[in-house]
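Encoded as structure tokens, the structure appears first; notes follow it.
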Amino acid sequence: MGETIHIRPARQEDLGVIAALWRELDWLPSLRGLPLERLQETMAQRLAQCRASGGHVVLVAQDEGGGVLGYAAMHYLPYLMLPGPEAYVSELFVTAVARGRGVGQRLLSRLEELARDQGCARLMLINGRDRESYAREFYKKRGWQERPVIANFVRNLMEF
């Protein structure tokens, strides 16, 4: 891992790579027919919302040449029952060409530093059991524990 990877806050000009990454992942059917420019506009609105409301962090991993290799998003959730907020890692994705180069690990480490600085009691994320990162135990190898008795429920309020 001899290359230098910089972790910094996401900027408007990073959204082209992030949009292309989402197109590559092909997870959300609503994104399939969306022109890349429209996807970038939507992401720009969401990034602005994160900045305006506070309590959110969006980071990118950048190589020495300035290329974006991946990104991560984290949100601080206050709890009455915990001694500090919980930091929820909602997104951590690395471009196909950068996988296996320590990019995800660097992003995750920086998120943990920021959560500690905010006095968070814990970090939390959701990882699909069908994901490649789950199969190779990416999070377990970094000290994360899978909760065996917690069911994760969602109720969609919008179609996506």
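Rank the residues Leu111, Leu125, Leu28 as a footprinting-exposure proxy: fewest other Cβ atoms within 10 Å of their Cβ go first.
On the way: Leu111 21, Leu125 16, Leu28 11.
Lowest to highest Cβ neighbour count: Leu28, Leu125, Leu111.
In nanometres, what is the gap between the two model label sites at Glu86 and Phe160, each 7 Å from Cα along Cα-to-Cβ?
1.9
Simple spin-label model, 7 Å along Cα-to-Cβ: Tyr79 to Asp26 in nm?
Between Tyr79 and Asp26, the label points sit 3.8 nm apart.
Measure off 7 Å from each Cα along the Cα-to-Cβ vector at Thr42 and Gln105, then give the distance between these two points in nanometres to one decimal.
About 3.4 nm separates the two model spin labels.
Relative to 2.2 N^0.38 Å, what does the C-alpha radius of gyration of segment 1-52 come to as a ratio? Two decimals please.
On the way: Rg = 12.9 Å, N = 52, 2.2 N^0.38 = 9.9 Å.
Here the Cα radius of gyration is 1.31 times the empirical estimate.
Please work out how much length the chain gains when fully extended from Gln118 to Val97, using 0.36 nm per residue of separation minus the C-alpha to C-alpha distance, in nm with one decimal. Please report the intermediate quantities before stating the final value.
Working: separation 21, 0.36 × 21 = 7.56 nm, distance 3.25 nm.
Contour length minus the Cα-Cα distance gives 4.3 nm.
Using Stokes-Einstein with the Kirkwood hydrodynamic radius over Cα pairs, what translational diffusion coefficient do you get for segment 6-142 at 20 °C and a viscosity of 1.002 mPa s, in µm²/s rounded to a whole number?
Working: Rh = 15.8 Å.
Rounded, D is 136 µm²/s.
What is the antiparallel percent of DSSP beta bridges lying wholly in the chain, to the nearest 5? Let's see the in-between values first.
Values: 19 of 23 bridges.
Percent antiparallel among DSSP bridges in the chain is about 85.
Report, in whole Å, the centroid distance computed from the Cα atoms of segment 63-111 and segment 115-132.
9
Work out the FRET efficiency for Gln12 and Val149 from their Cβ-Cβ distance, taking R0 = 30 Å, and round it to the nearest 0.05. Write out the running numbers ahead of the final one.
Working: r = 42 Å, r/R0 = 1.40.
That gives a FRET efficiency of 0.10.
All of the numbers you see were taken from the coordinates with simple rules; none came from a lab. Since we're looking at a predicted model, the values are computed, not measured. Cβ sites come from the backbone with ideal geometry, for glycine too, and all protein chains shown count toward neighbours.
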